Amino acid sequence: MRFTVNEKGCWNFDGPLDKAGYGKVSLKEKSFRAHRLIAHVCIKPLMSDTEFVAHKCDNPRCINPDHLFITSPLGNMQDRDAKGRGARGSKSPLAKLSEKDIHVIRGLYAGGKSYSKIAAGYPQISVGCIQAIVTRRTWKHVP
Ligand SMILES: [Zn+2]
């Protein structure tokens, strides 16, 4: 694979890019994402299909193995949230709650219910989740 190193140390793939801006490599009539191939070779040879290769540098064209890390789909989603872009809140396919639920949960806590009492009404999430919602460690964008 050919690439050009930029001032940030990114290895910018020299070749066709796909719609999302990832380098594309054709092997045996199949098309692969360049950074994923690099990760297969350099980071984790036996990667499962449920694992994603994400960029620390946020540059989809970059194939520097030092800038790549393996993550689960959920981790990838949280990474996007942390960077303030991509799916967030209830628009995320992995969201288990709606923004309305968040208001209800915070309201219940303000009304004197304990975390575990509130969690009992939401079997899909843990007490830790409730606490994180109430203390605004998660769902920060919901006022
Ligand atoms: Zn990079």
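Look through HIS35, HIS55, HIS67 and report the one residue that is free of Cβ contacts under 8 Å to residues at least 24 places away in the same chain, closer than 13 Å to ASN12 by Cα and not hydrophobic (A, V, I, L, M, F, W, C).
Answer to the check: HIS55.
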Practice task
Would you tally the residues in the range 1-19 being among the polar types (S, T, N, Q) and touching a residue at least 12 places away in the same chain (Cβ under 8 Å)?
Solution key: 1
Completion exercise
Among residues of the range 89-104 being modelled with pLDDT of 50 or more and assigned to a loop (DSSP other than H, G, I, E, B), the residue surrounded by the most Cβ atoms within 10 Å (Cβ to Cβ) is LEU97
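So which residues in the range 47-61 are among the polar types (S, T, N, Q) and touching a Ser or Thr at 6+ places or on another chain (Cβ under 8 Å), if there are any at all?
THR50
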Handout entry: Positions within the range 1-43 being part of a helix (DSSP H, G or I) and within 15 Å of the ligand (Cβ to nearest atom), in sequence order
Key = ALA34, HIS35, ARG36, ILE38, ALA39, CYS42
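The values are calculated or read from the model by the stated rules, or taken from the named source; none is laboratory data. Quantities reported herein were computed from a predicted structural model and do not represent experimental measurements. No Cβ is skipped: glycine too gets one built from the backbone with ideal geometry, and neighbour counts run over all protein chains shown.
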